[in-house]
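The block underneath contains the structure these notes are about, expressed in structure tokens.
The values are calculated or read from the model by the stated rules, or taken from the named source; none is laboratory data. Given the structure is predicted, the values throughout are model-derived calculations rather than measurements. Don't worry about glycine lacking a Cβ; one is built from the backbone with ideal geometry, like all the others, and counts go over all protein chains shown. Note: accessible area is taken over every heavy atom of the protein model, side chains too, but ligands, DNA and RNA are not part of it. Shrake-Rupley method; radii C 1.70, N 1.55, O 1.52, S 1.80 Å.
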Amino acid sequence: MSAESTPEPGIPGEAGTPDHPGSSEPGRDAEGRRRRPRAGRRSLLVTAWTAAGIVVLGGTGAGYLYFKLNGNIKSVDIDRALGADRPTKADNGSENILVLGSDTRSGANKKLGGGADDGSARSDTAMVIHVHEGHKKASVVSIPRDTLIDRPECTDSQGVTHDAANDVMFNSAYSTGGAACAVKTVESISGVRMDHYVEVDFSGFKKLVDELGGVEITTTKDLKDPDSHLDLEAGTHKLDGEQALALVRTRHGVGDGSDLGRIQLQQAFVKALVDQVEEVGVLTGGSKLYDLADTATKAVTTDSGLGSLNSLMSFADGLKGIDASDLTMVTMPVRYDPADPNRVLVQEKKAQQLWTALRNDRPVPRTVTEGNATGEAAGVVTSS
């Protein structure tokens, strides 16, 4: 299984640091392998399906446990912050969820490395999960953190308005105005309404993988990265939380060394994670399930629509019929920026074909994924 799944035939298409300015150093080739690996900010992987761990508590009648878990959940009122100036909600039975991995560089996160504690919060992983009508299939679109975009004016959850900015990195939206500005930016570039928001920090991700009992993956080559502390020989591994975190953070020595290669590893890991969540739900019971639910609810920040245990359980229950084979995983079409080897630019025509397909609840067109910058790490990690 490749890291980026082949989209189903769909609608016809044609082949085509926050606020950090573009570098004056030109790249060797707009589509070539010439990115300089960079230390510093690292990405965190988490998917909405990690919430599935709490579904098994439904119907237990354990009032104390319910209120304890309910009190774990943090939420942000996205709707109030953004107001009415948003894309129209879909009426075709589909749902869109923006999933972010956050890294505050403080507290438990600081011990996991990846950068200095400068008091800021960052989001280095962003995925739009489109759950198709009937909730039997989903399309997952990764948005590269290094993409240069025009960030819209937005109001954060504290009521502070942040000015628009042109040609800034995509992940500057979160560091500028938090969850609300991240949602506003995704809706601005896609024209797709985000029905829900799920965020997890990377210390929570590590604990969640450990509570799951590890996640099994296969690597087709040796992977070693001193910066993320990754050290895996080619073969099959059951990763614990620390190893899983190292895998989804690594970019050195994999593919072209860019964030795009890291995204391909993350997409492969998502499928393995979904399989593991399903296995735990079937084979595990009792206190183990409570521990998983406790970890999951402590790890997540959601929109207010998912901000209670009942809402989160109902949401997760609606996704439990989707397994790894039902996921189509793609990256928003981009090309390397010829003016800066550390940035990518949106392939506008193909990106709009992608977003149009999701707005209309159609499969991702195959041509959307052809001829884009990829990171060249497909197939390095697969589900076992």
* Stretched out fully, how many nm does the piece from D150 to E242 gain, at 0.36 nm a residue minus the Cα gap? -> 29.6 nm
* Using θ = phi - 60° and Karplus 6.51 cos²θ - 1.76 cosθ + 1.60, couplings along the range 231-243 (whole Hz; Gly, Pro as x) -> 8, 10, 7, 4, x, 9, 9, 9, 7, 7, x, 5, 5
* To do: Could you tell me what percent of the accessible area of the range 280-384 is made up of carbon and sulfur, with a 1.4 Å probe and every protein chain present?
  => 48 percent
* Cross-link partners of K350 among lysines (Cα-Cα below 29 Å; sequence separation of 8 or more within a chain) -> K89, K136, K137, K184, K271
* Choose one of A272, S188, V209: the residue whose Cα lies farthest towards the positive end of the charge dipole of the range 163-292 (beta-carbon charges +1 Lys, Arg; -1 Asp, Glu; about the Cα centre). => S188
* Built amide H within the under 5 Å cut-off of E216, gap 5+ -> L239
* Asked: Percent of accessible area on the range 122-253 owned by carbon and sulfur, 1.4 Å probe?
  -> 41 percent
* Structure fact -> Between the alpha carbon centres of the range 332-353 and the range 204-279 the gap in Å comes to 26 Å
* To do: Scan around T331 for amide H atoms under 5 Å from its own, H built in the peptide plane at 1.01 Å from N, and keep only partners 5 or more places away or cross-chain.
  => S142
* Asked: From the phi of every residue in the range 177-188, what ³J(HN,Hα) in whole Hz does the Karplus formula 6.51 cos²θ - 1.76 cosθ + 1.60 yield, where θ is phi - 60° and glycine or proline is x?
  -> x, x, 4, 4, 6, 5, 5, 4, 5, 4, 5, 5
